[in-house]
Amino acid sequence: MAKAKKPLIYAGGGALLSEASVFITLLSEALGAPVAYSLMGKGSISDDHPLAVGMTGFWGTPVANKVSREADVILAIGTRFAEASSSSWISKYTFNPTSTKIIQVDIDENEIGKNYPVEVGIIGDAYSVVEDILSGIKLRKAGYH
């Protein structure tokens, strides 16, 4: 994520269930990465936040779909990439897995890579994983590698 030119954080219902919203917002700010969300992930970042781009998919915003489609790396947190949020998995509308590396975080190992191929799959609770990523970024910025 740190080397991505067009990173995106994509939050789903699992992000809300684990109460990871505060960490998602902090992570987006630390990386300067926009945040999009699925229908079930609405509320994972305030819509008033300058890095929030909105919901993806059939009922999503044009900005969220464009940013999602053009991202070179997506950190997907607690999302299944459901049909409605992924525009029936048609890459010209929402997500383009041929040009995007996906890092998928989910508590259910069966969801990792189920609808899109992943570069990295992380099985774990969204709250804990995002907190750990944020801690790693802080250590890196402090000079610890």
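No lab work stands behind these numbers, since they all come straight from the coordinates. Note that this is a predicted model, so its numbers are computed, not measured. Ideal geometry is used to build each Cβ from the backbone, glycine not excepted, and the neighbour counts take in all protein chains shown.
Distance check, please: which entries in 66/138; 3/114; 42/138; 42/141; 42/66; 101/138 exceed 21 angstrom between their Cα atoms? Walk me through the numbers on the way to the answer.
Working: 66/138 30 Å; 3/114 26 Å; 42/138 27 Å; 42/141 30 Å; 42/66 18 Å; 101/138 23 Å.
From 66/138; 3/114; 42/138; 42/141; 42/66; 101/138, over 21 Å: 66/138; 3/114; 42/138; 42/141; 101/138.
For the chain, the Stokes-Einstein estimate of translational diffusion at 10 °C and a viscosity of 1.306 mPa s comes to 108 µm²/s, using the Kirkwood hydrodynamic radius over alpha-carbon pairs.
At a 10 Å Cβ-Cβ cut-off, how would you order 132, 125, fewest neighbours first?
Details: 132 13, 125 17.
Listing 132, 125 from fewest to most nearby Cβ atoms yields 132, 125.
Summing Lys, Arg as +1 and Asp, Glu as -1, what charge do residues with Cβ under 14 Å from the Cβ of residue 17 carry, residue 17 excluded?
Around residue 17, the surrounding residues sum to -3.
A simple charge model with +1 on the Cβ of Lys and Arg, -1 on the Cβ of Asp and Glu and nothing else charged puts the dipole of the chain at about 620 debye relative to its Cα centre. For residue 139, what is the net charge nearby, where nearby means another residue's Cβ is under 15 Å from its Cβ and Lys, Arg count +1, Asp, Glu -1? It works out to a net charge of +1. Within the shell defined by Cβ-Cβ distances under 15 Å, the residues around residue 30 carry a net charge of +1, with Lys and Arg each +1 and Asp and Glu each -1.
Can you put 127, 10 in order, fewest other beta carbons within 10 Å first? Let's see the in-between values first.
On the way: 127 21, 10 32.
The fewest-first ordering by Cβ neighbours comes to 127, 10.
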